[in-house]
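Student: What follows is a single structure, and I will ask about it in a moment.
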Amino acid sequence: MELLTIILSQDLEHEIADMVSDADIDCYVKLPDAYGVTHRSESTIGDEMDWDATLMMITGEKADLEQLAGKIQKRMAEKEFKPCVRMMLTPVDKVWK
């Protein structure tokens, strides 16, 4: 079992949540009021840019989560802007239910 952690800007929350639902994920944890800081912003605002973030944590089989992450990456690459999305896949040693 693996854990896919997705950190994204809140304006993308519904779009990515829809993609997770389409992937037939049983359940996931969403923390909607996270806070992100970008230290190497390429904007004219400056070097440090704050942004409202959402954190999603999804458990599942590695192949399924990699497929979902690939679909999210593809969708984000189609945007006219560079979206604030980071994804990390990590192993899960044990799950208690």
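Student: Once you place label points 7 Å from the Cα toward the Cβ at Arg75 and Thr59, how far apart are they in nm?
Tutor: 2.4 nm
Student: Work out the length of the dipole vector of the chain about its Cα centre, built from +1 on the beta-carbon of each Lys and Arg and -1 on the beta-carbon of each Asp and Glu, and round it to the nearest 20 debye. Write down the numbers at each step before the final one.
Tutor: Details: 11 positive and 20 negative charges, 58 e Å.
Roughly 280 debye, rounded to the nearest 20.
Student: Counting Lys and Arg as +1 and Asp and Glu as -1, what is the net charge of the other residues whose Cβ lies under 13 Å from the Cβ of Ala69?
Tutor: Value of the local net charge: +1.
Student: Just to confirm a number: summing +1 for Lys and Arg and -1 for Asp and Glu over residues other than Ala53 whose beta-carbon lies under 11 angstrom from that of Ala53, what do you get? Let's see the in-between values first.
Tutor: Values: positive: Arg86; negative: Asp11, Glu13, Asp33, Asp50, Asp52.
It works out to a net charge of -4.
Student: Here's a follow-up. Report, in deg cm²/dmol and to the nearest 500, the calculated mean residue ellipticity at 222 nm for the chain, where each DSSP H run with n ≥ 4 adds -39500 (n - 2.57) and the sum is divided by the residue count.
Tutor: -8500 deg cm²/dmol
Student: Quick one: order Leu3, Leu31 by neighbouring beta-carbon count within 10 Å, fewest to most. Don't skip to the end; give the middle numbers.
Tutor: Numbers: Leu3 16, Leu31 11.
Result, fewest neighbours first: Leu31, Leu3.
Student: Restricting to lysines 8 or more places apart or on different chains, can you count the pairs in the chain with Cα atoms under 15 Å from each other? Mind showing how you got there, number by number?
Tutor: Details: Lys62/Lys71; Lys62/Lys94; Lys71/Lys79; Lys74/Lys82.
Qualifying lysine pairs in the chain: 4.
Student: Related question: Kindly express, to the nearest 10 degrees and within the range 0 to 90, the angle between helix 62-77's C-alpha long axis and the longest C-alpha principal axis of the chain.
Tutor: 20 degrees
None of the figures in this text is laboratory data; all of them are computed from the coordinates on show. Because the structure is predicted, anything quoted here is derived from the model rather than measured. For neighbour counting, all protein chains shown are included, and Cβ atoms are generated from backbone atoms with ideal geometry for every residue, glycine included.
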